[in-house]
1. Across peptide A:91-100, what mean number of C-beta atoms from other chains lies inside 10 Å of a residue's C-beta?
2. Which order do you get for B:TYR154, B:TYR116, B:TYR247, B:TYR93 if you rank them by accessible area with a 1.4 Å probe, largest at the top?
3. Could you give the distance between the Cα centres of segment A:38-80 and segment A:2-36, to the whole Å?
4. I'd like the accessible area for A:THR197: 1.4 Å probe, protein heavy atoms, all chains in place, Å² to the nearest 10.
5. With each run of n ≥ 4 DSSP H residues scored as -39500 (n - 2.57), what mean residue ellipticity at 222 nm is computed for chain A after dividing by its residue count and rounding to the nearest 500 deg cm²/dmol?
6. Please give the average number of partner chain Cβ atoms lying within 10 Å of the Cβ of each residue in B:209-221, rounded to a whole number.
7. Set the Förster radius R0 to 30 Å, insert the Cβ-Cβ distance between B:LEU269 and B:ASN105 as r into 1/(1 + (r/R0)^6), and round the FRET efficiency to 0.05.
8. Leaving out ligands, DNA and RNA, calculate the buried accessible area for the pair B and A with a 1.4 Å probe, summed over both sides, in Å² to the nearest 100.
Amino acid sequence: MKFIQIKNCYKVYKNGVTAIADLTLDIDKGEFVFIIGASGSGKSTLVKMLYREEKPTKGTVEIGGINVGKLRNRTVYKLRRKLGIVFQDFKLLPKLTVYENVAFALECIGLKGSEIRPKVMNALEMVGLKEKVRSFPNELSGGEQQRVCIARAIVNDPKLLICDEPTGNLDPKTSKEIMNVLEDINKNLGTTIVMATHDKEIVNRMKKRVIVLDGGVLTGDHLKGSFKINENV
Amino acid sequence: MKMFRILNRCIRDSFKSVMRNISLSMASIVCTTITLILVAIAIIVTVNVNNVTTLMEEELTVVVFVNKDVTSEQVKNIEDALNKLENKKEVVYKSKDERKLEMQNSDESLKVTLDYLAINPLQDTFIVTVLDVDDLAPTAREIRKIDGVESAEYGEGTVEEIVGIFDVIKKATIVIVIALVIVTAFLISNTIKLTIFSRRNEIEIMRLVGSSNTAIKLPFIFEGFLLGLVGSLVPIILTIYGYMLAYEKTGGTLAVEAIKLVKPVPFVLITSLFLLVIGAIVGMFGSSGAVRKYLKI
């Protein structure tokens, strides 16, 4: 069942740079997909188009039947409530505790306090940070901060988890732990995961579907497990 | 219920933000206070100038001097002609004997002079009050054409000059009030921009986790409302006590008897309400504009 459908999509920035060119792509529900490519290959632009931070210049991007590019600025929030986003730089609020950072996402959409608590605790348990609820971000390691970011992204039970280089700032061991967390979410919750990364080792080890971008053009779409580390990306 | 929770959160956040950015908030409050004090002064001047002009305009009359040799029938004809004037509000007849008596009562030296004279040198007059002061000159010209009228006087030149000056003052004060309101909006807007800048991470996360634009904007709008409201308190206190004190000290008149001040109640209360509303509304709109510009929402 196709969950994400991208058809003949172009993204040209105001300065004339073409970030995405004639991209056509389908992603099924529950899939775990890597988007890889060198810097400037357009992977971040593609990810941003999925959560409608950028609009396609031409073509369509559909998520769960919603034409994302057609969404008006004031209705974008409806899409974002259905997905979770994990960032390379975590984007945590330094003055809030781990619990408050995760609860923030639910408070923003107007959930009751009694509904928030079990959901937050559940999400923190999933990422293995239940014992750190009272800690502040600056008291956590990079890996732990990224787990908080993942917990915040999944706390609202999203159908799609978008990860923009989530291991970019982490060492290989921590990266591996984060990838295990993401794989558990994909397997146990059935959440579709789209992850932009340039870490080929992770991609090779995880044996998932791999989409390769080069200069904004789709140069490879490797089915689960068929991507090789020595491939020229 | 969800709406109430979001609203509750907005109000809580705006109070938090005012306290967290206390120095910026204070700067905004002080700026609002200063500009609203100037607004209050401009309002007080405008209303009082208006009051004095209206009072003076009510006093402006055309004095019609009747020829000495007219018969009582002709006087009646003149009165009928004056009553037919479009711009007349009131026509009052004063015979020369009435005027003599009035003059004798008003001044001792005049009394002595008039008593000394065997005859009454004065003329019968009509005092014509007009509806529109701007048409005073054409009305006087029309009166002069009436048969049996010797002259019609209204203080040519001086009246036009005074009315002209008052008109300029009125317009200038209105422009000043509007300019000051715009300045207040600009100051609050700038302060909120700084607050937004310091909270841009939080706002970005709010947008990404699915906060609606309204939910993001509301705390800032409420913050502007609060800043405007608090900023208007000092100008309100100053207006109430300052004006009441000024009225009491001057006895309600300035320099000459003709310049009468507007009575403090309900004037100061209406002005205070106006300042409160200006502060709150300008604060809200100032911050709303800043949020829209900064967040591109």
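1. Per residue, the average neighbour count from other chains is 2.
2. The most accessible residue leads, giving B:TYR116, B:TYR93, B:TYR247, B:TYR154.
3. 9
4. Approximately 0 Å² of A:THR197 is accessible to the 1.4 Å probe.
5. Estimated from H runs of four or more residues: -10000 deg cm²/dmol.
6. 5
7. 0.10
8. Values: alone 17370 and 11620 Å², together 27120 Å².
Looking at B and A, the buried total is near 1900 Å².
The values are calculated or read from the model by the stated rules, or taken from the named source; none is laboratory data. Computed from a predicted model, the values in this text were never measured in an experiment. Because the Cβ atoms are built from the backbone with ideal geometry, glycine has one as well, and the counts that use them run over all protein chains shown. We work out accessible area using only protein heavy atoms, side chains counted, and drop any ligands, DNA or RNA first. Shrake-Rupley method; radii C 1.70, N 1.55, O 1.52, S 1.80 Å.
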